[in-house]
Structure formats: C-alpha cells, structure tokens
Amino acid sequence: MKTNKIILKEKYIILISSFIACISMFAIESFIAPSYLIKSSIKLVVFSLPIILYTKMFGFRSIRNQFSNLKFSKLKLIFIFAICVYFYNIILFFLLRDYIDLDVIRNNLLAKENITAMNFVYVSLYISFINSFLEELFFRGFMFLSLAKSGSRRLAYSISSLAFSLYHVAIISAWFNIWIFILIIVGLMFVGYIFNYITEKLDSFLASWIVHIFANLAINTIGFMMLGIINII
C-alpha cells in the first residue's frame, strides 16, 4: 500500500515531468520549427521520457494494465462514437470554412512542415495511428489516469485537458484568426475532458485512442481537400 509520502512524490513526478515535456515541445515548435519528420522523432523521445521515468520509479503495472483493461464488449459503442466524431469534424469544417484562411494553412504545411501532396498520405497515416497513440499514452494513459489514481481526480481532469489544449497552441497559432483560434483552444479542452472521461470509464487509454484516430482521420480528410488531393472545396 502506498504511503502519503509516496503518493505525493508520484504526483510531483507526473506534474513536473509532464510540464517539462509540454514546454519543451512548445519551444521546439515555436522557436526551432523543424520539419515534421524531425519534430515527430523529437516528440517520441520527449513524451516517452516522463513515462520511462515514472515506470522506473513506481512500476510499469498501471500503464501495462491499460492494454488488457479494454473489453471487447465495449468496442462497438466506442467505434460508433468515433465514427460520429469523424463526421462531426467534417461538418464543422464546412460550416466554418468561410472564416478560415485555407491558403495560410496550406502554405504552412508546404513551407514549415515540408508536407506535400506527394508525402501527405504517409504523414496522414502516421498522424492518425502513431501520433494519436503517442498523445493518448502520454496525456491520458500517463498524465491523466496515473494522476487520477493517485487521488487527484479533479486535478487530473483539469491539468491534462489544459495541457492537451495548450500543447497544440504552437502548432495552429498562425492558422486562424483570433476568434477561431480561441474557439479551437476551448474546443480542444472540451475534447480533452471527453477523452479523459472515456479513459476513466474504461480504465484504458486505448479507448480514447480509437476516438482520437477517427478525429485525426477527419482532420486528414480535410488536409487532402486543402492540398487538392480530394477535389471537394
């Protein structure tokens, strides 16, 4: 049984290491701005280190168990919700596209991220499946669930959702006008709460990962439209 001293130490390790990881990625995105391939490699290391540190100090059990906690009987509901999320994002884009400067986003992808119509298929697969897995493992499996199980459920909901939202600030800050930008940040916090809720109810970050995959598939579908691979807009 964990003592109060160990629980407090566990909270500090989760909060401090997560904060350092998020700040590091924000700085890399804002000031170094490497290509997407290099940034993804750095992100893999930066997000993995806090988890490795945590498991070395407190054991791998809390992370490992999440791979077996997701029950097959729950998958149908998760996939139905995930498909709804996909179409919701597509519909929301078409409702708001007149308020979004698509040329700015397109130029950002081409110039800053080195993403082109030729390589976007591979990038989209990475974003949908691997990047979403890494983010859910970090923000939900590690940051949220570990913190919640240490006795700080409300703090876990707030901190992980806020971190998830602010982490994306540097990525999208130049893409939208201020009002759309604020709307997206608030929306990302709400998404973080939903993902946390799903993770908590099913005791596994794999549940929110499935939903995250479909959310990213929607974003990538929009990306295919903006790059002219799919000619709808």
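Structure data summary
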{"item": "Label-point separation in nm, F129 to S158, each point 7 Å along Cα→Cβ", "result": "3.9 nm"}
{"item": "Flagged links, alpha-carbon separation over 26 Å, of K71/K149; K11/K56; K11/K201; K39/K74", "result": "K39/K74"}
{"item": "Label corresponding to log10 I(q)/I(0) by the Debye sum over Cα atoms at q = 0.08, 0.15 Å⁻¹ when calculated from the structure given, among [x] -0.26, -0.98; [y] -0.47, -0.97; [z] -0.30, -1.07", "result": "[z]"}
{"item": "Order of exposure, largest accessible area first, which applies to F190, F138 with probe 1.4 Å", "result": "F190, F138"}
{"item": "0 to 90° range, to nearest 10: angle between helix 102-111 axis and the chain longest Cα axis", "result": "70 degrees"}
{"item": "Cβ crowding within 10 Å averaged over residues, with 142-154, 63-75 ranked highest first", "result": "142-154, 63-75"}
{"item": "Extension gain, L102 back to S48 (0.36 nm per residue minus Cα-Cα distance, nm)", "result": "16.1 nm"}
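The values are calculated or read from the model by the stated rules, or taken from the named source; none is laboratory data. Everything numeric in this text was worked out from a predicted model, so none of it was measured. Positions of Cβ are generated from backbone atoms using ideal geometry, with glycine treated the same way; all protein chains shown enter the neighbour counts. Just so you know, the surface numbers come from the protein's heavy atoms only, side chains and all, with ligands and any DNA or RNA stripped out. Shrake-Rupley method; radii C 1.70, N 1.55, O 1.52, S 1.80 Å.
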